[in-house]
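Since the structure comes first, as structure tokens, the remarks are kept for the end.
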Amino acid sequence: MPKHLFLCLGLLQLALLCMPAAALAVEAVAMFRDRAVIRVGDSEQLLRVGETASFGVTLLSATPLQATIRYRGEVLQLTLSRRVGGSFAAPSRAVVRINRDRLGQYRLRGTIDRQPVDFLIDTGASVVAMSESQATALGLDPAAGQLGVVQTAQGAVEAHFVTLDQVTLGSIVRHHVAATIIMGDYPREILLGMSFLRDLQMTDSEGVLTLSLDQ
């Protein structure tokens, strides 16, 4: 290869290395809370805040309106690109809406280990809670769980702490959910507590509770 061609190639590589990041067509093609799909050239990648793509972009922050990235030593703020390819499929979002009943509570039918149950939504409960008889009807063995004590309206009661393989509420599916089986007849309804509700986005507006989760 002629020496002048080697020289031209070397100058081209140097120019690319020195080119400002903004000139390299860095784009945000989809943005979510704390996540964004960033494209550089023909490569794109879904990043969570703090992650770095294989092509060197680090996502610093993201909202549905703006993403802040670091690329080649520069910090850039990106809005949604108008040149969106069709190869990226946004993560699906499971959404459940529950109407408040006449008692001011939220109840909905779901499943525990693929068996239908009726839930009472209880954000004050740290885990899913059920009575001994409810657990027996679901084929759960309290003795298989860790023995403990919980405080109820009736005082301290023996309980067994177990892990449920799968719990569903509408389109929301969660696995390995912590639960407690309380000896006796309390609670009368299965309480869907925070071991299921954690990380869900919850909004209560005009008597409708909306639960959503990115799948």
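Rule-based calculations on the coordinates, nothing more; no lab input. Keep in mind that this is a model prediction, so the values were computed, not measured. Cβ: placed from backbone, ideal geometry, glycine included. Neighbour counts: every protein chain shown.
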Checklist entry - What's the extension gain from R97 to R48 if we count 0.36 nm per residue and subtract their Cα-Cα distance? => result 14.9 nm
Checklist entry - Along the charge dipole of the range 93-214, Cβ charges K/R +1 and D/E -1, which of G110, L209, I121 sits furthest on the positive end? => result L209
Checklist entry - Based on the alpha-carbon gyration tensor of the range 93-214 and its eigenvalue square roots a ≥ b ≥ c, which shape applies: rounded if a/c is under 1.5, prolate if not and a/b is larger than b/c, or oblate? => result prolate
Item to check | Contact order normalised by residue count of the range 93-214, Cα under 8 Å, 6+ apart, percent | outcome: 36
Next on the checklist: With just the Cα atoms defining each centre, how far is the range 157-173 from the range 53-78? Give it in Å.
Outcome noted: 38
Next on the checklist: Could you list R33, R114 so that the one with the fewest beta carbons within 10 Å of its beta carbon is first and the one with the most is last?
Outcome noted: R114, R33
Next on the checklist: For a quick check: with amide H placed at 1.01 Å from N, whose amide H comes under 5 Å from V128's, ignoring anything fewer than 5 positions away on the same chain?
Outcome noted: T180, G193, S195, F196
Checklist outcome for this item: Quick note on E74, E44, ordering by fewest other C-beta atoms within 10 Å, gives E74, E44
